[in-house]
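Scroll down for the structure; my scribbles are underneath it.
The values are calculated or read from the model by the stated rules, or taken from the named source; none is laboratory data. Values in this document were obtained by computation on a predicted structure and should not be read as measured data. Please note: Cβ atoms are built from the backbone with ideal geometry, for glycine as well, and neighbour counts cover all protein chains shown. For the accessible areas, the whole protein counts, side chains as well, though only heavy atoms, and no ligand, DNA or RNA atoms are used. Shrake-Rupley method; radii C 1.70, N 1.55, O 1.52, S 1.80 Å.
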Amino acid sequence: MRWKPAATLLAAILLAIAVKGQQAASPANRAALPAAQGRPVIGVALEGGGALGLAHIGVLQWMEEHHIPVDRVAGTSMGALVGSLYASGLTPAQLRAIAVSDAFTGVFTLQSPYADASFRRRQDRREIPQSITVGLGHGPQLRNALLTDRGVNEFLVTNMSAYNSGSLDFDRMPIPFRCVATDLNSLQPVTFDHGPLAQAVRASISIPGVFPPVKGDNGHYFVDGGILDNLPSDVVRHGLHADIVIAIHLKSDVLSPADTSSIVGVLNRAFSAGIERNVTQARSIADLVVSVPLDNFSGADYNKGGQLIRAGYLAAEQNSAALLRYALNDKDWSAYLAARQSRILPQPGALRQVRVEGGSPSANSSVLADMKPLEGQPIRPASTLDALKPIESNGGYSATYETFAAASPAGSTALRTPGAAANDTGILVRLSKDPSGPPYLIIGPEMAAATSNITRMEMNLRVVDQNLGGFGSEFRGTAELGYRTNLSAEYYRLLTPGGYFIEPRAGVLREPVYIWNNQKRIAERFQQNLVAGLEAGRTFGNTMQVSAEWRALDTRWALRTGSGGGPYLTGTAQTGLLHINIDKASSGTISPSGYRLAASAGAFYHAVGSSNAPMAQLSFSRTFSLTQNNILGMSAEVNSYLRANVAQPFRFTLGGPMRLSASSFDEYRGTDIYLARSGYMRRIAALPTGLGQGLYGLIGYEAGEVWSPEQRAFLRQDGTAGLIGNTPIGLVTFGVSIGDAGHRKVFLTLGRWF
């Protein structure tokens with residue numbers, strides 16, 4: 001595969017110069033390779049190359065249209081992916097349908113989908129969006145790859161469900177198959193010829209620094225096979241014993257300015273030289289080389305699948321004279337197809353047995369409980385993957401699965417297909433702990449600046465120690481340092497697998513507070529809160545939580561400069577609240593669809609210098625995707641003491657970006673505030689696959705009303721236009737807002753909206 005791995009890995013891998021591959025341990029009772037009656041056995045070697053590998057589909061399509069049989073297939077990296085799907089019985093037309101769909105969109109992701117995250121991990125991603133996570137399990141370290149392997153694993157098992165058996169012999173596939181990976185332990189190429197097909201291909205396409213390495217049963221770690229054998233002609237010749245070897249070479253050697261303009265570019269070009277050397281050797285082994293010219297494409301052009309397939313088809317046409325000598329007549333071609341079709345393996349049968357390996361006893365028990373509803377149902381990738389999402393949702397474990405032939409009840413024949421191998425009726429789930437944690441340190445910046453205003457900057461640090469004191473329980477400590485200091489700690493204790501929990505918490509907040517009058521800052525006050533509380537309730541899946549909370553507060557409300565904001569106060573207050581939180585959004589930041597609801601009701605009482613009061617809070621947001629690039633959103637927020645005379649330190653605020661954007665930060669303070677927003681966003685540009693949703697243009701309207709005992713209710717409105725970038729470093733917003741009463745602001749934010 002031609003890719004751009006991390007520079008630190010490049011130097012180490014370039015030291016590996018071994019060319020001969022070693023064979024992965026094979027089962028003793030291997031199937032005999034099928035013979036080709038009265039003609040030579042034809043094998044095809046498919047080169048790696050990222051998206052360029054989609055050109056292989058065009059070559060295979062041309063060969064099938066002209067009745068040229070393929071008796072053996074071997075591939076590396078993307079060649080392994082295309083080759084494995086073809087060898088499992090998919091036609092070139094079916095391969096093309098996958099290539100031109102959006103199937104690869106979910107393969108390249110920086111983190112697991114928001115919709116799959118647990119309720120608490122969703123909180124982390126909303127509060128510290130697009131953060132950097134550092135594992136602390138064995139000293140501070142970043143994860144071992146840029147992207148997660150969640151998407152690629154799901155893609156593979158979904159498309160290879162009949163070939164996901166631990167006992168699979170690749171010689172029994174419709175077309176005998178091999179794929180090549182690189183063993184990081186021995187620094188040698190390894191050829192996979194048995195086992196779950198998805199795992200073998202996953203190892204072969206594991207780009208170092210981009211995807212995590214694959215751990216084998218023998219404790220070895222495997223990465224992309226292109227490092228040492230990117231065009232496995234030798235495997236086709238010597239491992240699969242083909243008489244004729246046809247190598248499909250992806251020709252893309254043009255030097256671009258980017259290859260010499262940076263350190264990474266030079267290293268990548270040098271690394272490509274190493275790959276090109278093993279490809280040159282591989283080409284010399286082949287009887288026929290079909291070179292596909294792809295200088296106008298890159299290894300990241302997955303959105304150009306149709307064009308790449310066309311390039312492969314035309315390259316085969318250019319080699320038609322050499323290829324057609326192996327063409328079969330109609331009768332022999334029909335016999336070849338029938339033989340290939342007869343070797344297609346049956347889909348797994350009804351689930352009879354589940355085994356779990358690799359996790360703690362409580363984690364394994366949790367997986368067994370989640371898989372229990374699938375017993376007796378046909379084994380399908382979609383339902384199995386859904387059942388494994390809860391164990392992966394917190395981030396401490398990753399899960400893969402393979403099928404096996406479980407023991408059938410005596411005399412049962414219902415799960416056997418006549419003339420074929422028995423259907424697998426068991427699932428083996430393999431859990432892998434994250435090697436870097438827990439605990440984890442989550443780091444993310446926040447910044448908000450506006451004209452004629454203050455600038456707020458904070459660095460967010462959050463430590464999460466999962467499964468502390470029991471599976472599903474965790475400690476979470478948060479520090480916000482900068483404009484304000486906010487330190488908090490909480491211990492989430494999961495009481496039952498059904499989601500009942502108890503959560504004690506404590507914290508301290510210290511921040512400056514500015515008092516405004518007619519857009520002028522008239523005072524600076526200092527607020528300090530010491531908080532302790534207890535929350536108990538139940539979490540329903542990963543989208544809903546219902547709880548009751550009691551909180552005690554010790555506050556200090558002091559004047560530093562100016563006048564305003566009421567008298568100096570120091571003392572205590574308490575609140576008792578019932579909460580319901582529902583999160584049905586599809587993303588933690590810009591959500592193309594879905595809604596969020598947070599509602600609280602209770603009482604504020606025993607407060608120093610203040611009246612007791614009922615208390616109600618509500619926030620609701622809803623977004624709709626009008627088309628692929630257009631989002632319509634609306635939200636409402638209510639915070640109310642039902643017009644009771646609650647003292648200044650405890651009042652609600654409005655003002656700042658996306659909270660009346662034309663006004664200053666927290667310009668309005670009252671006992672009752674109402675905010676309504678609506679907006680339209682259009683995606684102007686998409687960022688590279690896996691790096692965010694893109695750059696959006698925004699037009700919005702905001703209206704907010706504020707009431708306090710000292711001032712009758714007044715309404716503020718504004719219109720906002722700007723740009724929003726949903727990026728790996730956070731949500732970046734630049735906007736201009738013009739409101740009534742002479743309010744106007746130009747603002748910039750990084751991180752979540754304030």
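Full extension from S291 to T485: what is 0.36 nm times the residue separation minus their Cα-Cα distance, to one decimal in nm?
Gain on stretching S291 to T485: 63.7 nm.
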Checklist entry - Relative contact order for segment 477-598: what is it in percent, counting Cα pairs under 8 Å that are at least 6 residues apart? => result 18 percent
Checklist entry - What GluC sites (Glu not before Pro) in segment 319-407 are in a loop by DSSP, with at most 12 other Cβ atoms within 10 Å of the Cβ? => result E375
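Quick one: dipole size for segment 130-189, taken about the Cα centre, charges +1 on Lys/Arg Cβ and -1 on Asp/Glu Cβ, in debye to the nearest 20. Mind dumping the intermediate values first?
Values: 4 positive and 5 negative charges, 25 e Å.
Dipole magnitude for segment 130-189 comes out near 120 debye.
Give me the extension gain from F526 to W550: residue separation times 0.36 nm, minus the current Cα-Cα distance, reported in nm with one decimal. Kindly include the intermediate steps, with their values, before the conclusion.
Numbers: separation 24, 0.36 × 24 = 8.64 nm, distance 2.51 nm.
That pair, F526 and W550, stretches by 6.1 nm at full extension.
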Checklist outcome for this item: Proximal lysine pairs in the chain, meaning Cα under 26 Å and 8 or more positions apart or interchain, come to 15
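Tell me the per residue accessible area of the chain using a 1.4 Å probe; a whole number in Å² is fine. Mind showing how you got there, number by number?
Working: 31840 Å² over 754 residues.
Accessible area per residue, the chain: 42 Å².
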Item to check | Inter-label distance for A32 and W333, nm, one decimal - labels placed 7 Å from Cα along Cα-to-Cβ | outcome: 2.9 nm
Item to check | Relative contact order computed over segment 591-744 (Cα-Cα under 8 Å; 6+ residues apart), in percent | outcome: 17 percent
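Taking Cα pairs under 8 Å and at least six residues apart, what relative contact order does the chain come out at, in percent?
Values: 1900 pairs, mean separation 84.7, N = 754.
Relative contact order for the chain comes out at 11 percent.
Calculate what fraction, in whole %, of the accessible area of the chain sits on carbon and sulfur atoms when a 1.4 Å probe is rolled over the protein chains.
It is 58 percent, rounded to a whole number.
For R712 and L618, FRET efficiency with R0 = 25 Å and r from the beta-carbon atoms, rounded to 0.05?
On the way: r = 23 Å, r/R0 = 0.91.
Calculated transfer efficiency: 0.65.
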Checklist entry - Can you work out the FRET efficiency for the pair R380 and D217, with r the C-beta to C-beta distance and R0 = 30 Å, to the nearest 0.05? => result 0.75
Next on the checklist: Tell me the label only: which of [x] 3, 13, 20, 23, 20, 13, 7, 3, 0, 0; [y] 3, 14, 23, 25, 18, 10, 4, 2, 1, 1, 0, 0; [z] 3, 12, 20, 21, 17, 12, 8, 5, 2, 0, 0 is P(r) over Cα pairs in 10 Å bins from 0, in percent as calculated from this structure?
Outcome noted: [z]
Checklist entry - Between Q353 and Y568, how many nm apart are label points set 7 Å from Cα along the C-beta direction? => result 7.7 nm
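Could you tell me what a quarter of the Cα convex hull surface of segment 93-231 works out to, in nm² with one decimal place? Mind dumping the intermediate values first?
Details: hull surface 42.8 nm².
The number I arrive at for segment 93-231 is 10.7 nm².
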Checklist entry - Extension gain S678-R310, at 0.36 nm per residue separation less the Cα-Cα distance, in nm? => result 128.0 nm
Checklist entry - Once the Cβ-Cβ distance between L723 and I344 is put in as r, and R0 is 41 Å, what FRET efficiency do you end up with, to the nearest 0.05? => result 0.20
